[in-house]
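S.K.: Here it is, the structure, as structure tokens.
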2 protein chains.
Amino acid sequence: MSNYLDDAPCYLISTVVKRSGVKADLIRAWERRYQAVTPSRTDGGHRVYSDQDIVRLKLLKQATTEGHSIGQIAQLSFDELQKLLQPDQHTPPSRASATTSDHRYLAESYIEKCYTAMMVFDARAIESHFENAVVELGAQVFMESLLTPLLTRMGEDWKSGTLRPSHEHMTTSVIRSMVYILRSNYTPASNAPRLIISTPIGQQHELGALIAALIAEFKGWRITYLGPDLPAEEIAFAVKSSNANAVALSITISTEDHIIPKEIRRLKKLIGRDVTLIVGGSAAGEYKAVLDEVGALRSDSCDDFKQMLDDLSLQFQAPTPLKILSA
Amino acid sequence: MSNYLDDAPCYLISTVVKRSGVKADLIRAWERRYQAVTPSRTDGGHRVYSDQDIVRLKLLKQATTEGHSIGQIAQLSFDELQKLLQPDQHTPPSRASATTSDHRYLAESYIEKCYTAMMVFDARAIESHFENAVVELGAQVFMESLLTPLLTRMGEDWKSGTLRPSHEHMTTSVIRSMVYILRSNYTPASNAPRLIISTPIGQQHELGALIAALIAEFKGWRITYLGPDLPAEEIAFAVKSSNANAVALSITISTEDHIIPKEIRRLKKLIGRDVTLIVGGSAAGEYKAVLDEVGALRSDSCDDFKQMLDDLSLQFQAPTPLKILSA
DNA sequence: TAGCTCTTGTCAATGTATTGTCAATGTCGT
DNA sequence: ACGACATTGACAATACATTGACAAGAGCTA
């Protein structure tokens with residue numbers, strides 16, 4: 001039918017265990033009892049799995065944890081399995097307010113679902129899961145207990161090679177879309193401080209910047225999100241044009257060259273001392289020297305960033321005394 | 001209403017309980033006493049239900065809670081049950097449609113507003129203009145009379161240097177968000193063909209790809225939007241993992257080097273001949289030679305692309321004999 | 001209205017089926 | 001040779017089926 005001259009199936013069972021999350025004994029049991037997957041063999045008899053097999057196992061695992069019987073679904077086709085996991089027609093029982101531990105549990109189950117959907121590139125499903133989660137958890141908890149852990153996990157899997165660039169690309173584009181939904185409930189005051197968000201040139205991972213944008217939205221700032229990978233001039237130009245009060249940059253990968261420090265120096269010079277520069281992200285620590293040199297703020301965590309925003313809010317909004325939460 | 005072409009009974013009673021809301025003992029009692037449902041059995045004797053059975057049980061449950069006696073309605077057909085529950089219901093769709101010239105005029109005024117907002121980096125304003133326009137013009141007209149011209153104009157100004165990268169970045173991120181809004185009304189069929197959308201490596205402008213995604217959504221395809229700038233392996237991996245039927249690439253800038261032709265050849269080889277490759281965008285014409293060589297389709301315009309999608313739809317949906325509209 | 005029957009939802013007791021896990025033993029690959 | 005893998009068989013914990021029973025109502029009759 002199809003000529004698989006390409007990446008021939010080449011994963012040993014230990015790899016499959018790591019990627020699919022199904023234990024080795026169980027994988028073999030599923031094969032023995034229901035022919036759930038039919039890996040080829042080496043000359044010596046070791047099982048050899050393909051990418052599709054891994055995806056299939058991930059789907060099966062998700063389906064079983066949702067209560068389906070493995071014996072009944074083991075032989076379903078890829079499409080049928082995916083349909084089984086579609087988060088569409090669903091009658092969620094009326095729910096009283098959940099506790100924190102409930103939240104955590106719910107968030108974890110959502111993370112699993114999202115991960116499974118991500119592996120089969122089902123953007124729709126990810127969106128649906130996100131939507132449901134936002135409704136069920138609330139935007140704040142959604143971000144803290146679902147989105148942040150999810151991205152952390154993605155970062156780890158990225159480093160370990162489990163995750164491919166295409167996964168990250170797709171998930172990024174889904175989350176970008178969601179930013180709109182999440183923040184549409186928050187209408188910042190017309191005198192709220194303005195923040196420009198981007199990543200320096202060479203930094204193409206924008207998930208951290210997106211999170212920052214969401215946090216700042218929740219804090220009531222007026223955000224202009226520029227997307228990733230911009231030179232200092234462009235960022236500075238946007239600052240001037242929009243009369244922004246601050247710039248937030250996300251740096252997640254440390255490069256050996258001196259581009260980043262150079263960009264930061266240039267940017268700071270261009271925007272002037274009246275505009276605050278904040279730098280965050282998992283690799284921001286590497287550039288501590290430059291940041292101190294130019295007087296930029298460095299945020300180590302989400303909470304850190306929130307605190308900074310609050311402090312800056314006071315500073316920039318000083319003319320208008322704060323009357324927040326007086327509704 | 002119900003396109004249950006797939007009648008693979010695969011639900012054990014616990015699943016049915018969760019989905020229908022009827023307790024297990026009661027389901028069995030209804031079967032024993034009135035043959036309300038007649039599930040098939042596994043070799044071991046466990047009941048196995050289909051989607052129809054679940055729907056039927058839901059209907060029965062609702063009917064009984066409304067006072068009907070189970071003994072009287074248990075044997076009714078699906079249609080009779082539905083009639084029982086919905087005495088009458090009608091939605092008068094009254095819509096005063098504007099003329100085409102109205103549309104064009106409106107769209108132009110919106111384009112002006114958006115351009116102004118873009119120049120001062122007011123993302124919020126662009127969004128609200130877009131939102132208003134979508135409501136006023138409808139999603140289809142919005143895309144054709146507003147979005148496409150706007151992007152065309154942006155492309156021209158980009159070349160002439162009036163527009164800066166930061167403008168394009170911000171507008172891109174706003175439009176990406178809008179994709180979500182626009183398509184949230186469209187729910188593709190579960191057996192719709194799948195399309196992967198991206199741009200080849202080196203092509204960082206994704207507006208064309210976004211438009212393509214929107215068009216394909218409206219045509220009822222299931223879209224996985226990967227974002228821009230991906231190597232052939234990654235795109236191919238997404239194709240394999242998602243079982244996609246086709247790939248659409250947008251190429252807007254012609255580069256002198258031979259990267260693009262090389263990538264296209266590699267991609268085609270990796271995805272195989274069963275997966276269709278479509279290439280569009282303002283610079284697609286430059287690569288006619290390669291596209292013909294590998295048997296890829298080339299689309300010159302939006303209408304062209306639409307036509308292609310329609311043709312391919314027929315081809316890919318062929319295996320499932322079309323019984324649409326046979327309610 | 002008391003008494004009777006029929007309907008219907010629920011439950012308990014007992015046995016079978018399914019399924020995740022593990023141990024013992026042998027083989028493969030580097 | 002050692003770690004990773006395969007095979008087989010077994011076991012315990014759930015989940016399911018069957019049967020029979022029971023109680024709360026509803027409807028009917030005297």
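The values are calculated or read from the model by the stated rules, or taken from the named source; none is laboratory data. All values derive from a computational prediction rather than experimental measurement. Positions of Cβ are backbone-derived with ideal geometry, glycine not excepted, and every protein chain shown enters the neighbour counts.
S.K.: Pull up segment B:197-234, narrow it to residues that are facing another protein chain (nearest Cβ under 7 Å) and more than 17 Å from the chain's Cα centre (by Cα), then point me to the one that is surrounded by the most Cβ atoms within 10 Å (Cβ to Cβ).
M.R.: Within segment B:197-234, the match that is surrounded by the most Cβ atoms within 10 Å (Cβ to Cβ) is B:L230.
S.K.: Next question. Considering each residue of segment A:37-52, count those that are part of a loop (DSSP other than H, G, I, E, B) and more than 9 Å from DNA strand C (Cβ to nearest atom), and give that number.
M.R.: 4
This table checks each residue for (1) more than 22 Å from A:S14 (Cα to Cα); (2) touching an Asp or Glu at 6+ places or on another chain (Cβ under 9 Å); (3) not polar (S, T, N, Q).
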site: A:F121; (1), (2), (3): yes, no, yes
site: A:R124; (1), (2), (3): yes, no, yes
site: A:N132; (1), (2), (3): yes, no, no
site: A:V141; (1), (2), (3): yes, no, yes
site: A:T148; (1), (2), (3): yes, no, no
site: A:R153; (1), (2), (3): no, no, yes
site: A:L163; (1), (2), (3): no, yes, yes
site: A:H167; (1), (2), (3): no, yes, yes
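S.K.: Taking only segment A:18-36 into account, find how many residues are within 20 Å of A:S160 (Cα to Cα), in a helix (DSSP H, G or I) and more than 11 Å from DNA strand D (Cβ to nearest atom).
M.R.: Residues that pass the stated criteria total 2.
A quick yes/no check of all residues on (1) more than 9 Å from DNA strand C (Cβ to nearest atom); (2) in contact with a Phe, Trp or Tyr (Cβ under 8 Å, 6 or more places away or on another chain); (3) of a type in the set (D, E, K, R):
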site: A:K18; (1), (2), (3): yes, no, yes
site: A:R28; (1), (2), (3): no, no, yes
site: A:Q72; (1), (2), (3): no, yes, no
site: A:Q75; (1), (2), (3): yes, yes, no
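S.K.: Please specify each residue of segment B:151-185 satisfying the condition of being among the aliphatic types (A, V, I, L, M) and at pLDDT below 75.
M.R.: Correct list: B:M178, B:V179, B:I181, B:L182.
S.K.: Yes or no: A:V239 modelled with pLDDT of 95 or more and touching a strand residue (DSSP E or B) at 6+ places or on another chain (Cβ under 6 Å)?
M.R.: No, not satisfied.
S.K.: Inside segment A:51-67, can you point out the residues that are surrounded by 22 or more Cβ atoms within 10 Å (Cβ to Cβ) and free of Cβ contacts under 8 Å to residues at least 24 places away in the same chain?
M.R.: A:A63
S.K.: Let me ask something additional. Step by step: first the residues of segment B:148-175, then only those that are within 26 Å of the chain's Cα centre (by Cα) and hydroxyl-bearing (S, T, Y), then the one that is nearest to the other protein chains (Cβ to nearest Cβ). Which residue is that?
M.R.: Filtering first and then ranking leaves B:S173.
S.K.: Residues to consider are B:T162, B:T172; find the one that is assigned to a loop (DSSP other than H, G, I, E, B) and in the same structural domain as B:C114 (by TED's automatic domain parsing).
M.R.: Result: B:T162 is the single residue among B:T162, B:T172 that is assigned to a loop (DSSP other than H, G, I, E, B) and in the same structural domain as B:C114 (by TED's automatic domain parsing).
S.K.: Same structure again: Of these, B:A232, B:A192, which one is in contact with a Leu (Cβ under 9 Å, 6 or more places away or on another chain) and aliphatic (A, V, I, L, M)?
M.R.: Exactly one residue qualifies, and that residue is B:A232.
S.K.: Sticking with this structure for a sec: Can you work out which of the residues in segment B:44-76 that are modelled with pLDDT of 90 or more and of a type in the set (G, A, S) is nearest to DNA strand D (Cβ to nearest atom)?
M.R.: Looking at residues that are modelled with pLDDT of 90 or more and of a type in the set (G, A, S), I get B:G45.
S.K.: Can you tell me which residues in segment B:276-304 are under 21 Å from B:A192 (Cβ atoms), of a type outside the set (S, T, N, Q) and surrounded by 21 or more Cβ atoms within 10 Å (Cβ to Cβ)?
M.R.: Scanning segment B:276-304 gives B:L277, B:I278, B:G280.
S.K.: Quick test for you: out of B:A96, B:A24, pick the one residue that is at pLDDT 80 or above and either away from DNA strand C (no atom under 16 Å from the Cβ) or among the aliphatic types (A, V, I, L, M) (or both).
M.R.: Among B:A96, B:A24, only B:A24 is at pLDDT 80 or above and either away from DNA strand C (no atom under 16 Å from the Cβ) or among the aliphatic types (A, V, I, L, M) (or both).
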